[in-house]
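Comments concern the structure below.
Derivation of every value follows stated rules applied to the coordinates shown; laboratory data play no part. Not measured: the values here are computed from a predicted model.
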Amino acid sequence: MTVKQNLLNLDRVGLEAFFADMGEKPFRATQVLKWMHQMGVSDFDEMTNLSKALRTRLTEVAEVRVPEIVFEQKSDDGTYKWVLELDGQNRIETVFIPEEGRGTLCVSSQVGCALECTFCSTAQQGFNRNLSAAEIIGQVWVAARALEGKANLTNVVMMGMGEPLLNFNNTVTSLNIMMDDFAYGLAKRRVTVSTSGVVPAMYRLAEVSDASLAVSLHAPNDELRNELVPLNKKYPIAELLDACKHYIKDEKRRKITFEYVMLSGINDSVEQAHELKHLLADVPCKVNLIPFNPFPNTQYKRSSNNAIHRFTNVLKEAGLVTTTRKTRGDDIDAACGQLVGKVKDKTKRQLKQLYPDSHEVGLLEKSSFDRLSVKQYSR
């Protein structure tokens, strides 16, 4: 039986190639993009500006298939969390955070995560596989439909389960769709990729996307970051900051956002704040301090409000734009670092099996970073 092409896997360039193979004109791609993403239509028969013959052919060879909502929950603060089921009984979590003047959707890029950041609940769930582009953009599709008439989706952040830059091609395809005027039409400043610091992929992303970049830093020195974000053993802070500077050397990208989770007695001292201000002194950036969101069996505690205030003052006095993220959705385990989903088959694998077509294979193999096999990091 012929496997149907899920058209959600294709950005405009991909759709144009798909229709060219069918002997159709390139403009069919923009027509179908608008039907799928702007109007939320998944049935080809409803795409009325396509000929009946083309609709019949599309039904035979293609489909528009999105992840299935198996659970929806709304927080007391208005945050929504959806649990979405994928093929193979895996489940991912997607979160929408409403704020005054905007609404931000946090999407996942992998089933679980293989980067063992010690303060993140997702990291404790193990890793199964990368999400397809259809499964990534499908989260936006599902949320846009679910929120219709309730809230406006204005921003997308790839800060959910997984490391987006270890799912590079599918991440880029999804970014293209998010920012395409014939799809979601989001401005580049409203689409953000968050990475734990996969340095070579950061250089690659700079060549193909104008999306904003957030980096999970969480420590002002290598010794501490090695413990919190073990990926740092492969790509230490100096290399990471060089990649950040390269990413924003083009004036189209203005600043890097550095994410810094506040862990009581670990990384929240005034001395560490001074160390951080010196570290970031020559990097155009803003710092987003994130109060730690606890999860079962964690060894960490959230920094006190006083500690966060003292830390913030040091950075602001140094001229660094600094904000403290409001904790949203923690009553439904939808806050930063709390997403877990359901990860089936966490059997350890080699990275070459996980990322057979990725230039990042080999970057994360043996060297100073020995612990990465299949249990992965998360931010």
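Couplings 3J(HN,Hα) of region 167-179, computed from phi: 10, 4, 4, 5, 5, 5, 4, 5, 4, 4, 5, 4, 9 Hz, in residue order, whole Hz [Karplus 6.51 cos²θ - 1.76 cosθ + 1.60, θ = phi - 60°; x for Gly and Pro].
Could you name the aspartates and glutamates in cross-link range of LYS255, using Cα to Cα under 14 Å and dropping any fewer than eight places away on the same chain? Reachable aspartates and glutamates: ASP210, ASP242, ASP282. Evaluating 6.51 cos²θ - 1.76 cosθ + 1.60 at θ = phi - 60° for every residue in region 145-154, the Karplus couplings come out as 6, 5, 8, 3, x, 10, 7, 9, 8, 10 Hz, glycine and proline recorded as x. Summarising the amide proton neighbourhood of LEU263: residues at separation of 5 or more, or on other chains, whose placed amide H is nearer than 5 Å comprise ASP268, SER303.
Given a cut-off of 24 Å, name the pairs among LYS233/LYS326; LYS245/LYS301; LYS286/LYS326; LYS234/LYS326; LYS4/LYS25; LYS233/LYS316 whose C-alpha atoms lie farther apart than that in the structure shown. Walk me through the numbers before you get to the answer.
Values: LYS233/LYS326 30 Å; LYS245/LYS301 32 Å; LYS286/LYS326 16 Å; LYS234/LYS326 31 Å; LYS4/LYS25 21 Å; LYS233/LYS316 29 Å.
Violating the 24 Å limit, Cα to Cα: LYS233/LYS326; LYS245/LYS301; LYS234/LYS326; LYS233/LYS316.
Annotation: amide H-H contacts under 5 Å for ILE256 (H modelled 1.01 Å from N, sequence separation of 5 or more, or interchain): CYS285, LYS286.
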